[in-house]
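What follows is a single structure, written as structure tokens, with notes after it.
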Amino acid sequence: MPPAIELENLRKVFRVRGRAHGISGSVRALFAPTTREVVAVDDVSFAIEPGERVAFVGPNGAGKSTTLKVLSGILQPSAGRVRVLALEPGRERTKLAFRIGAVFGQRSQLWSHLPAADTFDLLARIYELAPADYRQRRAELVASFEIAEVIEKPVRQLSLGERMRCELVASLLHRPEILFLDEPTIGLDVVAKATIRDLLRERGRRDGCTLLLTSHDTGDMEGVCERVLVIHRGRLLLDRPIEALRKSFIPMKRISVVTEEAEVHVGLPGVRRLPSRPHRTELEVDLALIGVDRVVAAIVAGARVLDLSVEDPPMEEIVTAIYRGAAPVEGRK
Amino acid sequence: MARIVGTLRFLRALVAMNLRASLALRGAFWLQAAFMVLNNLVFFATWWLLFARYPEIGGWRLHDVLTLFGVVASGFGASVVFAGGVRDLARSIGEGELDSLLVQPKPVLLHAVASRTLASGWGDLATGVGMLWIAGALAPGMLGWTALAVATSGTVFTASGVIVQSLAFWIDGMETLARQIWEFTLTFSLYPRPLFTGEIAFLLYTLLPAGFVGFLPAELVRAPSVPLALAALAASLGWTLLALFVFGRGLRRYASGNRILP
Amino acid sequence: MSGARLAVSTQKYLAIARASARRAFAERAVLAGRVVFLGVILFIFSRIWETVLARGALTVSGAGKAELIWYLAVTEWCVLSVPPVFLAIESDVRSGDIACRLVRPVSYVGAQLAEALGETALRLLVLGPTGAAIAFALAGGWPADPWGLLLAAPLGALASALAVLSTAAIGLSAFWIVDTSPIYWIWQKLAFVLGGLLLPLELYPDWLRALARFSPFPAMLWGPGRMAFGFAPGAALETLLELLAWSALVAAGLAWLANRARLRLTVNGG
């Protein structure tokens with residue numbers, strides 16, 4: 001069975017014109033343009049098998065969105081071989097469009113003044129779905145995503161979480177073999193994020209749909225996907241299963257605890273005290289040496305805790321750590 | 001063939017969605033339509049006053065201006081109701097809204113222009129049809145010519161709008177300029193042909209095709225003839241093809257990504 | 001209010017007006033758009049008047065094509081110089097920003113007016129000479145009695161100010177009617193027709209002219225515009241008095257509205 005997505009030496013270069021100001025500036029720019037080349041994606045290669053759930057992470061401007069756009073046929077590659085479902089996205093865009101779906105976190109395909117149900121009906125026409133098949137599929141998705149009450153209300157009256165669920169249902173109606181998601185949980189609260197992640201994971205498993213998800217949020221990565229591609233400055237730094245990533249590259253956790261006592265001391269190996277304030281202690285835990293649960297237990301045993309939070313170090317740090325620690329394109333282990 | 005049927009069904013669904021979206025506005029819909037009617041009537045009132053004083057201007061009478069207005073208002077109304085997305089096409093291009101359309105298996109231009117509707121367009125349609133009826137252009141013998149005239153007017157207006165707005169694929173910050181050109185095309189279409197001579201007249205058939213949005217269709221109703229009808233058809237077809245070409249080129253450029261990066 | 005406080009207030013509003021004018025000047029594209037529009041309208045109507053008067057038909061007050069073009073230049077100059085103040089106020093009301101500002105001693109309405117008038121002043125200054133240049137080119141010279149234009153200038157400026165006051169009042173009505181656009185559009189269309197924007201009132205049937213005189217609009221457009229037909233200090237004075245009277249009336253109405261709005265806010269809270 002061929003891979004769902006195949007990228008070989010993808011290279012995407014933008015020729016960017018210097019920003020022109022106003023009409024006169026634009027006219028001047030037409031005659032004497034100042035262009036420079038921006039390499040958005042530089043020699044990226046990977047393959048994704050059908051049914052895999054892959055996260056595509058990296059800081060802003062890393063090339064994630066560009067890659068996604070090349071895969072979905074929005075952008076033409078500058079060089080390299082791209083095959084999605086054995087089709088060339090640039091050349092066979094329409095054919096491919098019937099078999100893929102896309103969700104853009106910051107943009108909606110739902111018509112805001114109408115109920116989501118109306119957009120679903122329109123999508124049935126766009127994807128030329130047989131009426132009976134469409135109705136059955138829609139019912140299944142509506143039940144699964146629990147939006148039965150929500151789809152008859154105008155979309156602009158919905159909360160962000162409800163809207164995202166409708167958005168996802170909209171993208172799944174035509175049973176796409178691949179679903180591209182660009183920042184699907186952006187702007188959502190913690191509970192909504194968790195719900196969306198669960199639903200995506202479930203759907204991926206049930207439909208056998210391949211998921212390719214870009215995000216800033218490592219929670220998306222861990223909650224939905226089994227494999228992670230780290231991209232930075234247009235190059236693929238890492239291609240690993242989630243578990244491996246966590247063990248190798250997210251070795252630290254940050255604990256922030258607010259206590260009645262002015263100071264808290266935890267004298268366990270692997271626990272380092274970071275600059276703290278009175279009543280608010282910051283600790284860094286080295287997961288290679290000790291589990292977070294033990295540290296938390298020790299804190300709770302030795303002090304009156306008012307508030308406690310456990311966090312990953314920020315994405316930038318992880319990427320920097322990877323950048324410093326690993327050579328580009330480790331390949332799958 | 002199946003693809004064409006699919007696209008037609010899609011178009012019908014889009015039209016239905018737009019209608020539903022307009023009606024969902026409820027009170028605001030009627031208000032916008034009504035005010036457009038008022039707006040048009042006031043505009044026409046100026047002509048009415050002028051013709052009260054000077055019964056004939058350049059060989060045209062009030063009845064002729066009524067016909068011109070009726071045709072252009074109907075064509076314009078139909079354009080903004082059914083192809084309302086043209087007005088904001090430059091902005092859509094600039095803000096990357098074409099991306100979600102490119103991922104879907106339907107023609108991008110069609111999808112983009114037919115995804116929006118302006119409720120006020122119904123007011124224009126109502127005014128236009130009303131005026132045509134008063135001018136006697138909806139009588140059984142005339143109906144065919146009138147329909148062709150209105151269709152030509154609306155088609156050329158839409159097509160020229162698409163062409164100007166598509167310049168946004170190449171030029172940044174095109175939105176305001178495109179909107180103004182769009183409005184000027186309409187403005188010039190509403191004034192009688194005899195007013196303009198020489199180079200201006202030439203410009204009004206090419207750059208701002210007021211000639212094909214106003215003059216020619218109005219003439220088709222005033223003095224119908226087969227050659228004129230053929231000219232109207234040719235104009236509609238020609239401008240449409242040009243619009244498809246320009247947009248297609250622009251879309252290719254968009255896909256190569258050589259624009260100002262967002 | 002003491003003299004010193006009055007002076008300080010005035011300084012403050014002048015500063016707002018100046019800043020607004022500077023900003024309007026920076027937005028060259030918008031200004032250019034207005035100039036182009038003025039050019040297009042003047043051009044179209046120059047063609048109309050040329051065609052109408054081709055056979056030597058008489059018009060009004062001995063006015064020929066040139067005078068009629070200058071008339072339109074003056075009326076359009078007034079109209080195009082007025083910024084959409086009603087939109088600014090309406091959006092403040094919608095967003096709720098106005099709630100904090102209205103109950104403070106700094107007059108919200110005063111500030112808005114200062115801002116709008118600053119922009120109006122700039123537009124008048126830009127559109128005046130450019131409009132005159134276009135009119136000069138299209139009309140083939142000055143009107144028969146160019147001195148009238150000297151009177152048209154201050155009258156036109158005052159007319160624009162009155163328009164600003166009126167549209168500010170419309171904007172405030174957003175407190176009671178959320179969407180003020182319909183009211184604005186009606187007001188604008190009435191102004192165009194009853195004020196004789198495109199056609200001088202002399203061309204109107206008697207009944208319409210009589211009807212129009214009950215509204216402020218003739219004073220706002222036809223009043224300044226007809227100065228293009230000749231230097232007429234008597235008529236100018238008449239227009240001046242009308243403009244002042246209407247301005248006082250509208251200003252009073254505006255103050256009353258602002259007060260009611262403040263009351264509504266303090267009672268209902270935001």
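The values are calculated or read from the model by the stated rules, or taken from the named source; none is laboratory data. Small disclaimer: the values here were computed from a predicted structure and weren't measured. A quick note on method: Cβ atoms are made from the backbone with ideal geometry, for glycine too, and the neighbour counts reach across all protein chains shown.
For the stretch C:189-201, the condition of being outside any helix (DSSP H, G or I) and surrounded by fewer than 22 Cβ atoms within 10 Å (Cβ to Cβ) holds for none of the residues. Looking across the stretch A:106-115 at every residue that is surrounded by 18 or more Cβ atoms within 10 Å (Cβ to Cβ) and in a loop (DSSP other than H, G, I, E, B), the one that is farthest from the other protein chains (Cβ to nearest Cβ) is identified as A:Leu110. Restricting to the stretch B:59-72, name every residue that is buried (at least 17 other Cβ atoms within 10 Å of the Cβ) and at the interface with chain C (Cβ under 10 Å from one of its Cβ atoms). Listed by number, the list holds a single entry, B:Trp60. Pairs meeting the criteria (first residue in the stretch B:172-192 and closer than 16 Å to B:Ala159 by Cα, second residue among the charged types (D, E, K, R), beta carbons under 6 Å, at least 6 apart or on different chains) are lacking.
Return a yes/no flag: does the stretch A:123-132 have any residue that is surrounded by 15 or more Cβ atoms within 10 Å (Cβ to Cβ), away from chain B (no Cβ under 11 Å) and closer than 26 Å to B:Leu102 by Cβ.
No.
Among the residues of the stretch A:282-303, those identified as without any contact (Cβ under 8 Å) to a residue 40 or more places away in the chain and assigned to a helix (DSSP H, G or I) are A:Val292, A:Asp293, A:Arg294, A:Ala297, A:Ala298, A:Val300, A:Ala301, A:Gly302. Hey, any hits in the stretch C:84-95 for a residue that's at pLDDT below 80, over 30 Å from B:Ile57 (Cβ atoms), outside any loop (DSSP other than H, G, I, E, B) and among the polar types (S, T, N, Q)? Taking every residue of the stretch C:84-95 in turn, at least one turns out to be at pLDDT below 80, over 30 Å from B:Ile57 (Cβ atoms), outside any loop (DSSP other than H, G, I, E, B) and among the polar types (S, T, N, Q). Exactly one residue out of B:Thr176, B:Thr187 is within 13 Å of chain A (Cβ to nearest Cβ), surrounded by fewer than 22 Cβ atoms within 10 Å (Cβ to Cβ) and more than 30 Å from A:Val70 (Cβ to Cβ): that is B:Thr176. Of all residues in the stretch A:39-64, exactly one satisfies the criterion of being facing chain B (nearest Cβ under 10 Å) and modelled with pLDDT under 85, namely A:Gly61.
B:Arg26 meets each of the listed conditions (1) among the charged types (D, E, K, R); (2) buried (at least 20 other Cβ atoms within 10 Å of the Cβ); (3) within 14 Å of chain A (Cβ to nearest Cβ) apart from (2).
A search for C-beta distances below 6 Å between a residue of the stretch A:218-244 that is modelled with pLDDT of 80 or more and any residue that is acidic (Asp, Glu) and outside any loop (DSSP other than H, G, I, E, B), counting only pairs 6+ apart in sequence or on different chains, returns A:Leu229/A:Asp239; A:Gly234/A:Asp42; A:Arg235/A:Asp42. Residue count for the stretch B:109-125 satisfying the condition of being part of a helix (DSSP H, G or I) and either surrounded by 20 or more Cβ atoms within 10 Å (Cβ to Cβ) or among the aromatic types (Phe, Trp, Tyr) (or both): 11. Exactly one residue out of A:Gly267, A:Gly204, A:Gly208 is surrounded by fewer than 18 Cβ atoms within 10 Å (Cβ to Cβ) and assigned by TED's automatic domain parsing to the domain that holds A:Gly61, and it is A:Gly208. Screening the candidates A:Ile100, A:Ile74 for the property of being of a type in the set (Val, Ile, Thr), within 8 Å of chain B (Cβ to nearest Cβ) and either surrounded by fewer than 17 Cβ atoms within 10 Å (Cβ to Cβ) or free of Cβ contacts under 8 Å to residues at least 12 places away in the same chain (or both) yields one hit, A:Ile74. Restricted to the stretch C:81-92, and to residues there that are surrounded by fewer than 21 Cβ atoms within 10 Å (Cβ to Cβ) and either under 28 Å from C:Pro224 (Cβ atoms) or among the aliphatic types (A, V, I, L, M) (or both), the residue that is nearest to the chain's Cα centre (by Cα) is C:Pro84.
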